[in-house]
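Read through the structure below, which is laid out as structure tokens, and then see the notes.
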Amino acid sequence: MTMPIQDGRNILHIICASGYTKYAHLLLTAASNKGLLLDLLDSREQLQLQTPLFFAIRSAPNGFPEIIQLLIKQGCNVNLRDNLGRSAVHYAAEQGQDDTLQLLIQSGAEVNYQDSEGGVTPLHMAIMNGQFNAVSILCQEGKAKVELKDKKGDSLLHYAAVTQGNASLYIRYLIEKQNASAFLTNNEGLTPRGLAEKTDRQKFHRVIKNLKKYEGLELSKKEPEIVERHVTVYQYENDIQTKLLNNLPISVVISVAIGYLLFYLTN
């Protein structure tokens, strides 16, 4: 049952890629009776090392939900990764399969895997492919880490800044809902706005304007904190000086005062 019969794929890979739920159920029942169920569920085809779950997700725009549910219910490993280091969550996010994504998360799927090719997470893939609902599901239900960067140092905001989809929607969500910073830099030292300007200033002019607005808002929030910090340090230094003077003998205080006076008179 687990032996490859076509292009490195076994019979379950082929059934899952074709969407034949009935045959998948019959095959899994037979495998269970022979004690081969888990071996079959997690078997990898030879080209990309993908399991039947990958085929059920990737072989149609919306996947084959009934087969996906069957595989997960039977106990397939939802965290196995293919030769690119990508998991089922990557592909469900890429294709905007919201129900599958929710099911994977509920079944314990890891949402923060970074692939071996570019360090890309499922969130990066969702933004790249204009899947806003997937972004929302990963963040809210999967508690995905929005601070993760790919191997080029690009954050989610960098991806959002040059996406072909509704960039403003992603930027607003990431900054206002997920507290992402507009000043994150990649390996080239570029912020999301800098990347958009470098990529195509004319094409992304609205994105650039939008990010510039958020940069201003972020700075305006930081300025009061900086002022308050300086005031606190100043007060602390004054307190130290006062305590030192109060604890010094009067003769020492007078000597210091005379020293300062002579310094200013000679300079």
Across region 127-154, the tally of residues that are assigned to a loop (DSSP other than H, G, I, E, B), under 14 Å from Asp98 (Cβ atoms) and hydrophobic (A, V, I, L, M, F, W, C) stands at 0
Taking region 15-34 and the residues there that are in contact with a helix residue (DSSP H, G or I) (Cβ under 8 Å, 6 or more places away or on another chain) and within 21 Å of Asp82 (Cα to Cα), the one that is surrounded by the fewest Cβ atoms within 10 Å (Cβ to Cβ) would be Gly19
Here the residues within region 116-126 that are buried (at least 19 other Cβ atoms within 10 Å of the Cβ) and either part of a loop (DSSP other than H, G, I, E, B) or modelled with pLDDT under 95 (or both) are Val120, Thr121
Contact list, first residue from region 1-25 and under 14 Å from Leu53 (Cα atoms), second anywhere and small (Gly, Ala, Ser) and in a loop (DSSP other than H, G, I, E, B), beta-carbon distance below 8 Å, six or more apart or interchain, is Asn10/Ser43; Leu12/Ser43; His13/Ser43; Cys16/Ser59; Ala17/Ser59; Ser18/Ser59; Gly19/Ser59; Gly19/Ala60
Within region 51-77, the residues that are surrounded by fewer than 24 Cβ atoms within 10 Å (Cβ to Cβ), of a type in the set (S, T, N, Q) and part of a loop (DSSP other than H, G, I, E, B) are Ser59, Asn62, Asn77
Just to be sure before I move on: is Gln102 more than 15 Å from the chain's Cα centre (by Cα), crowded, with 24+ Cβ neighbours inside 10 Å, among the polar types (S, T, N, Q) and within 23 Å of Ile67 (Cβ to Cβ) in the structure I sent? no
The number of residues in region 83-115 that are in a helix (DSSP H, G or I) and within 18 Å of Pro61 (Cα to Cα) is 14
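Conditions tested, residue by residue: (1) at pLDDT 95 or above; (2) under 19 Å from Gly118 (Cβ atoms).
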| residue | (1), (2) |
| --- | --- |
| Leu156 | yes, yes |
| Asn187 | yes, yes |
| Glu197 | yes, no |
| Lys221 | no, no |
The residue that is modelled with the lowest pLDDT, considering only those in region 160-178 that are closer than 13 Å to Gly130 by Cα and among the β-branched types (Val, Ile, Thr), is Thr163
| modelled with pLDDT of 95 or more, polar (S, T, N, Q), closer than 21 Å to Leu70 by Cα and out of contact with any Leu (no Cβ under 6 Å at 6 or more places or on another chain), is that true of Gln97? | yes
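The values are calculated or read from the model by the stated rules, or taken from the named source; none is laboratory data. No experiment lies behind these values; they were computed from the predicted model shown. Note that we place each Cβ from the backbone using ideal geometry, even for glycine, and neighbour counts take in every protein chain shown.
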